[in-house]
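**Student:** Starting off with a structure, shown below.
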Amino acid sequence: MPTKTKISLENLEVAFASKTDAELRKMYLIYATMNNNTAVKLGIKMANFAFAIKAPIKGLMKKTMFGHFCGGESIEDSQKTVDELAAYRIRTILDYSVEGKGNEASYEATKNEILRTIERSAGDENIPFAVFKVTGLGSYEIMMKVQEGKKLSEKEQTSFNKLKARVDELCKAAFEAKTKILIDAEESWFQDVIDEMAYEAMEKYNQEHCVVYNTYQMYMHEMLQRLKSSQAVAAHKGYKFGAKLVRGAYMEKERDRAKDKGYNSPIQPDKASTDRDFDEALRFCVENHGHVSLVAGSHNEKSNILLTQLIEEANISPSDESVYFAQLYGMSDNISFNLSHAGYNVVKYVPYGPVEKVMPYLGRRAEENTSVAGQSSREFDLIKKEITRRRNIKA
């Protein structure tokens, strides 16, 4: 057995190396606010109201929440963030985080913006992936009808065909640009349709290299088996399999819908079951290295440490391009920066878009930080420790 190298995610000097004292103090204030659930909800409502009445709060948002969790208002505006991360060997996924208006013009506009992120990614090792949500490209109501086996009207069929064409256009563009593209997971009641489009794209564009990645939400109790079955199909058909693993993002919505409609919840019975399946999925992907390319999207320290151990035990180079660690920009820098410092491939999801149009994303980010047990408190505690560490050095 190879000697296990101990990776620490507790090195605060490394974790906050990119932050000035002033930036740390700003982070302190942001996370102090997010530790207060009432303040978060009130702040979101006030910001949305201010934008609705066209109050001049954009500058304030850019100096606080937007500036902390987003790269900029455009691809070009995000370049500073890309460069700052690249200085510490952390790469970027430009994530267009504007929610569309749900019409064909909106879907086309989103597709064209994702094409620009693919074009920007081409040939730039600091931006190895593009990403998109299928609901940004077409109607989820139509996808629901397809998954339920209902007949589409002529107009709906035309819209669905356009949706599939947009997905294929993006995957083909990534293939031609010699980059990679991630397809986000969404709600279970139309996820099967997304999966089918993802596997069609994999079969077309993953013949020699892994270009297209599908996403697996491990808080779904059947997801581990779906991951294994999908990989087996890919192996049988002879194409490379791309998997992004996450714990999941729609738990409450999934449970509420299952209760309302009277079917068994697809969500795991508890967090321990989700953690177990996530870690087992990591093992499965590493065991099938060579055929499976992995993006591990996790803010869980134990799972990230486990993946470093699995990589070492499998004699995979930390810099092997088929394995990436991924976190959201503005969160878990202790994980991202320490893994990068140790030589592993790390990417940050860097959302961008006009400030007022990214508010739904920022609202979810703030609410998730308060609802995920200990997430905001953990970030806040690390920031406080780093501020104290720097004061002690100066003293």
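**Student:** Cβ-Cβ under 7 Å, sequence separation 6+ or interchain: first residue in the stretch 16-32 and more than 14 Å from residue 332 (Cβ to Cβ), partner outside any helix (DSSP H, G or I) and open to solvent by 10 Å² or more (accessible area, probe 1.4 Å). Which pairs?
**Tutor:** Final answer for the pair search is 17/88; 30/64.
**Student:** Now for a separate question. Consider residue 152 against the criteria (1) crowded, with 21+ Cβ neighbours inside 10 Å; (2) of a type outside the set (Ser, Thr, Tyr); (3) in a loop (DSSP other than H, G, I, E, B): it satisfies all of them except one. Which criterion is unmet?
**Tutor:** Failing condition for residue 152: (1).
**Student:** May I ask you to say which residue of 107, 96 is in contact with a helix residue (DSSP H, G or I) (Cβ under 6 Å, 6 or more places away or on another chain), surrounded by 19 or more Cβ atoms within 10 Å (Cβ to Cβ) and in contact (Cβ under 8 Å) with a residue 12 or more places away in the chain?
**Tutor:** After ruling out the rest, the residue left standing is 96.
**Student:** Could you please give the count of residues in the stretch 34-71 that are buried (at least 18 other Cβ atoms within 10 Å of the Cβ) and of a type in the set (S, T, N, Q)?
**Tutor:** Residues flagged as buried (at least 18 other Cβ atoms within 10 Å of the Cβ) and of a type in the set (S, T, N, Q) within the stretch 34-71 amount to 1.
**Student:** From 74, 78, grab the single residue that is open to solvent by 20 Å² or more (accessible area, probe 1.4 Å), in contact (Cβ under 8 Å) with a residue 24 or more places away in the chain and either touching a Phe, Trp or Tyr at 6+ places or on another chain (Cβ under 9 Å) or basic (Lys, Arg) (or both).
**Tutor:** 74
**Student:** I need every pair where a residue in the stretch 43-60 that is free of Cβ contacts under 8 Å to residues at least 60 places away in the same chain has its Cβ under 7 Å from the Cβ of a residue that is open to solvent by less than 30 Å² (accessible area, probe 1.4 Å) and part of a helix (DSSP H, G or I), sequence separation at least 6 or different chains.
**Tutor:** Going by the 7 Å Cβ cut-off, the qualifying pairs are 57/47; 57/50.
**Student:** Let me ask something else. Answer yes or no as to whether residue 11 is open to solvent by 50 Å² or more (accessible area, probe 1.4 Å) and in contact (Cβ under 8 Å) with a residue 24 or more places away in the chain.
**Tutor:** When the stated conditions are applied, residue 11 passes them.
**Student:** Any residue at all in the stretch 36-43 that's closer than 27 Å to residue 114 by Cα and among the polar types (S, T, N, Q)?
**Tutor:** Checked against the condition, which is being closer than 27 Å to residue 114 by Cα and among the polar types (S, T, N, Q), the stretch 36-43 yields no hits at all.
**Student:** Scanning for something at positive phi and either at pLDDT below 95 or under 25 Å from the mean Cα position of the chain (by Cα) (or both), does the stretch 53-62 turn up at least one residue?
**Tutor:** Yes, because at least one residue in the stretch 53-62 is at positive phi and either at pLDDT below 95 or under 25 Å from the mean Cα position of the chain (by Cα) (or both).
The values are calculated or read from the model by the stated rules, or taken from the named source; none is laboratory data. Source: prediction; values computed, not measured. Every residue, glycine as well, gets a Cβ built from its backbone with ideal geometry; the counts of neighbours run over all protein chains shown. These area figures cover heavy atoms from the full protein model, side chains too; ligands, DNA and RNA do not enter into them. Shrake-Rupley method; radii C 1.70, N 1.55, O 1.52, S 1.80 Å.
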